[in-house]
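The next block holds one structure in the form of structure tokens; read it before the comments.
The values are calculated or read from the model by the stated rules, or taken from the named source; none is laboratory data. As the structure is a computational prediction, the values presented were derived from the model and not from experiment. Glycine gets a Cβ as well: all are built from the backbone with ideal geometry, and neighbour counts include every protein chain shown.
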Amino acid sequence: MQPRWEMVESRPHEEIERLSRQAHVPYTIARILLNRGMDTPDAIERFFNPSPAQLHDPFLLPGMSKAVDRIIEALQNRERIAIYGDYDVDGITSVSMLYLFLRDLGGEVIAYIPDRQNEGYGISQAGPRRSQEAGRSTRHLGGWRHHLHCGGALRAVIGP
């Protein structure tokens with residue numbers, strides 16, 4: 001089944017201008033936010049600066065408790081942690097953020113972003129192996145790997 005794109009009708013220019021002015025955001029941002037149902041300065045403020053109560057509980061994700069326990073164990077045992085992500089903006093951002101966080105906690109961390117030309121998009125059979133090889137070349141000691149933002153194909157490549 002082919003995806004079907006549905007174009008959203010743009011809101012009236014005056015409405016976009018009003019929100020842009022009231023919320024102190026550029027016109028284009030106001031237009032995008034209006035198209036996503038945020039039609040007041042308060043709604044935009046909550047979107048850009050959410051309170052913790054507005055965020056989803058990450059422990060609702062399957063396996064999150066087990067993953068957190070394993071990260072803590074790896075940090076306590078001074079295991080090397082390899083982080084594997086993809087090369088789009090949110091993949092690179094998530095790898096960078098986790099890398100810096102774990103490093104600040106004293107972790108020995110390496111990051112691996114696949115080569116777009118040679119490995120394609122998403123996780124590949126070769127990707128985790130290459131991240132492990134990169135870790136070995138920098139004294140990899142059989143540490144633990146964490147895969148970020150790799151989509152639904154991850155389970156098929158590395159297993160549950």
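Would a scan of the range 61-73 turn up a residue that is at negative phi, in a helix (DSSP H, G or I), exposed (fewer than 11 other Cβ atoms within 10 Å of the Cβ) and of a type in the set (D, E, K, R)? Yes, the range 61-73 contains at least one residue that is at negative phi, in a helix (DSSP H, G or I), exposed (fewer than 11 other Cβ atoms within 10 Å of the Cβ) and of a type in the set (D, E, K, R). Under the condition of being within 20 Å of D88 (Cβ to Cβ) and not in a strand (DSSP E or B), the residues counted in the range 102-115 number 3.
Residue-by-condition table, conditions (1) without any contact (Cβ under 8 Å) to a residue 24 or more places away in the chain; (2) of a type in the set (V, I, T); (3) surrounded by 11 or more Cβ atoms within 10 Å (Cβ to Cβ):
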site: W5; (1), (2), (3): yes, no, no
site: E9; (1), (2), (3): yes, no, no
site: H13; (1), (2), (3): yes, no, no
site: L19; (1), (2), (3): no, no, yes
site: A30; (1), (2), (3): yes, no, yes
site: L34; (1), (2), (3): yes, no, yes
site: G37; (1), (2), (3): yes, no, no
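Quick check: is even one residue across the range 78-93 free of Cβ contacts under 8 Å to residues at least 12 places away in the same chain, part of a helix (DSSP H, G or I) and more than 30 Å from Q117 (Cβ to Cβ)? So far as the range 78-93 goes, no, none of its residues is free of Cβ contacts under 8 Å to residues at least 12 places away in the same chain, part of a helix (DSSP H, G or I) and more than 30 Å from Q117 (Cβ to Cβ). Suppose the filter is under 30 Å from L34 (Cα atoms) and at pLDDT 90 or above; does L102 pass it? The answer is no for L102.
This table checks each residue for (1) in a helix (DSSP H, G or I); (2) touching a Phe, Trp or Tyr at 6+ places or on another chain (Cβ under 7 Å); (3) among the small types (G, A, S).
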| site | (1), (2), (3) |
| --- | --- |
| S10 | no, no, yes |
| R21 | yes, no, no |
| A30 | yes, no, yes |
| D39 | no, no, no |
| F47 | yes, no, no |
| P50 | no, no, no |
| H56 | no, no, no |
